[in-house]
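A short write-up of the structure that comes next.
The values are calculated or read from the model by the stated rules, or taken from the named source; none is laboratory data. Fair warning: this is a prediction, and the values are worked out from it, not measured in the lab. Here the Cβ positions follow ideal geometry from the backbone for every residue, glycine too, while neighbour counts run over all protein chains shown.
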Amino acid sequence: EADIYQTPRYLVIGTGKKITLECSQTMGHDKMYWYQQDPGMELHLIHYSYGVNSTEKGDLSSESTVSRIRTEHFPLTLESARPSHTSQYLCASGTSGGPRLDEQFFGPGTRLTVL
Amino acid sequence: KQEVTQIPAALSVPEGENLVLNCSFTDSAIYNLQWFRQDPGKGLTSLLLIQSSQREQTSGRLNASLDKSSGRSTLYIAASQPGDSATYLCALANTGNQFYFGTGTSLTVIP
């Protein structure tokens with residue numbers, strides 16, 4: 001079954017640690033996105049990719065980086081985690097053609113807490 | 001910059017009622033509009049996608065409409081059920097391939 005996966009689902013980590021949040025999709029989508037969402041707040045786009053070797057920064061300034069070496073995989077890395085990074089991180093993918101162009105599909109999210 | 005507003009922020013209705021959720025936006029140059037539901041602590045589940053050339057979409061008890069000229073979309077839920085309790089978000093894709101989300105309407109359906 002085509003789907004989008006995120007691991008870990010929950011992460012509690014100390015300040016200064018390097019972390020990588022994983023996102024994989026089996027739908028063959030070219031477009032992938034990372035959003036940050038604080039409780040009760042709107043989603044903010046932090047990174048996106050239109051395909052392999054394509055990465056762009058979104059609206060929200062972020063200290064994270066992403067890579068897109070394979071179509072199905074779009075990991076997000078924080079080199080040095082800080083308490084201000086505590087949030088929910090949502091990964092999404094989307095089509096780049098066809099009648100449902102730019103429909104987005106979301107993973108279950110990773111809730112990150114930095115102590 | 002596109003601004004997306006969802007009213008009301010919270011809504012509580014008895015089971016069985018029909019209800020309407022509203023989404024308004026400031027820039028009509030949109031590519032599509034998508035309605036999502038989000039359960040607490042979870043990701044977003046896509047409900048309906050309306051392309052800019054369409055006026056409405058239906059899926060089961062859900063009907064979404066789009067009026068670009070007035071900058072409005074509505075999500076109509078018929079015969080609400082307790083399982084419909086969640087936060088409902090609308091999101092717009094503009095022609096520059098950027099996405100803008102509302103802050104959502106938190107719906108509680110009381111048995």
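When A:Ser96 is tested against (1) closer than 20 Å to A:Ile4 by Cα; (2) part of a strand (DSSP E or B), only condition (2) is not met.
Name the residues in the range A:24-35 that are surrounded by 18 or more Cβ atoms within 10 Å (Cβ to Cβ) and either more than 20 Å from A:Pro8 (Cα to Cα) or more than 11 Å from every other protein chain (Cβ to nearest Cβ) (or both), would you?
Step one: list which residues in the range A:24-35 are surrounded by 18 or more Cβ atoms within 10 Å (Cβ to Cβ), which gives A:24-25, A:29, A:31-35.
If the condition is that a residue be surrounded by 18 or more Cβ atoms within 10 Å (Cβ to Cβ) and either more than 20 Å from A:Pro8 (Cα to Cα) or more than 11 Å from every other protein chain (Cβ to nearest Cβ) (or both), then A:Ser24, A:Gln25, A:His29, A:Lys31, A:Met32, A:Trp34 are the ones that fit.
For the range A:1-36, filtering for residues that are of a type in the set (A, V, I, L, M, F, W, C) and either free of Cβ contacts under 8 Å to residues at least 40 places away in the same chain or in a loop (DSSP other than H, G, I, E, B) (or both) leaves 2. In summary, strands (runs of 3 or more DSSP E) completely within the range B:1-88 and bearing 2 or more residues that are more than 26 Å from A:Gly107 (Cα to Cα), touching a residue at least 40 places away in the same chain (Cβ under 8 Å) and away from chain A (no Cβ under 11 Å) occur at B:10-14, B:19-25. Per the listing A:Thr86, A:Thr77, A:Thr95, A:Thr65, the residue uniquely away from chain B (no Cβ under 13 Å), more than 22 Å from B:Asp39 (Cα to Cα) and in contact (Cβ under 8 Å) with a residue 24 or more places away in the chain is A:Thr77. For the range A:98-115, residues that are closer than 30 Å to B:Gln57 by Cα and either in contact with a Pro (Cβ under 7 Å, 6 or more places away or on another chain) or at the interface with another protein chain (Cβ under 10 Å from one of its Cβ atoms) (or both) total 11. Against the list (1) over 21 Å from A:Leu60 (Cα atoms); (2) away from chain A (no Cβ under 13 Å); (3) in contact (Cβ under 8 Å) with a residue 60 or more places away in the chain, the condition B:Ser106 fails is (2).
Residue check: A:Pro8 meets all listed conditions (1) more than 16 Å from B:Phe101 (Cβ to Cβ); (2) within 10 Å of another protein chain (Cβ to nearest Cβ) but one, namely (2). Which is modelled with pLDDT of 95 or more, farther than 21 Å from A:Ile46 by Cβ and surrounded by 15 or more Cβ atoms within 10 Å (Cβ to Cβ), of B:Ser24, B:Ser12, B:Ser52? Answer to the selection: B:Ser24.
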